[in-house]
Amino acid sequence: MKGKNLTICLYGNPILRKKTTSIKKIDYQLKKIIADLKETMMQQDGLGLAANQIDASVSIFCYNPHGVGIEQEPVAIINPEIIKSEGKEEREEACLSLPGIVEVLMRPARVVIKGISEDGKKIETTASGLLARVFQHEIDHLNGLFFTDRLSATRQKMLKKQLDQIAASSKKTKE
Ligand SMILES: [Zn+2]
């Protein structure tokens, strides 16, 4: 596994602002992206990771259903879509593409998402609490959004300098 490029795209990288492409066929290339996505998430101790965060602009995310630090196979969902959301909940959010930023954000407390499993089956999953938060956060990524876009204008203004710094370091690592 050594020598593999498992870097995470940071805020400022244009791929993270582009809506990802819907998957038509699960082929070898896609399976490779899924494997890289899972491996990168586990290496970074993440709860979820969207494919565009590893430079693949396709509609897939993976998540760790058992929480960080537990050695379990992560799950990938292809073409995920929120079909129902209910309630409201404040919760802390952070992002591997936004190092150093942790903010409390209000979002729906429960969601139902639909998508396709890795073996090509149609699936529907209901989530609440932390998992509902992970699903919403990752689906935002696949649509070119960051959780910070959902903060109040005042909060966003206060974070601007930090965001600009991340964007500047993102450019540097690309060179
Ligand atoms: Zn994120």
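Readers should treat all values here as calculations from the given coordinates under stated rules, not as data from a laboratory. Just so it is clear, the structure is predicted and the values come from calculations on it, not from any experiment. Note that we place each Cβ from the backbone using ideal geometry, even for glycine, and neighbour counts take in every protein chain shown.
Step through the table entries LYS19/LYS122; LYS24/LYS114; LYS25/LYS122; LYS19/LYS160, compare each Cα-Cα distance with 20 Å, and write down the pairs that go over it.
LYS19/LYS122; LYS19/LYS160
Under 17 Å from the Cα of LYS157, which aspartates and glutamates turn up, not counting those fewer than eight places away in the same chain?
GLU103, ASP149
Would you work out which of ASN13, HIS66, LEU96 lies farthest towards the positive end of the dipole of segment 1-104, given +1 charges on the beta-carbon of Lys and Arg and -1 on that of Asp and Glu, about the Cα centre?
ASN13
SER117 versus ILE26, label points 7 Å from Cα toward the beta carbon: distance in nm?
Here the modelled spin labels are 0.8 nm apart.
Which FRET efficiency, nearest 0.05, do GLN156 and ARG91 yield, Cβ-Cβ r, R0 25 Å?
Working: r = 18 Å, r/R0 = 0.73.
Efficiency, rounded to the nearest 0.05: 0.85.
Determine the percent antiparallel among the DSSP beta bridges restricted to the chain, to the nearest 5.
Close to 95 percent.
Along the charge dipole of segment 14-174, Cβ charges K/R +1 and D/E -1, which of VAL134, THR148, LEU49 sits furthest on the positive end?
So the residue we want is THR148.
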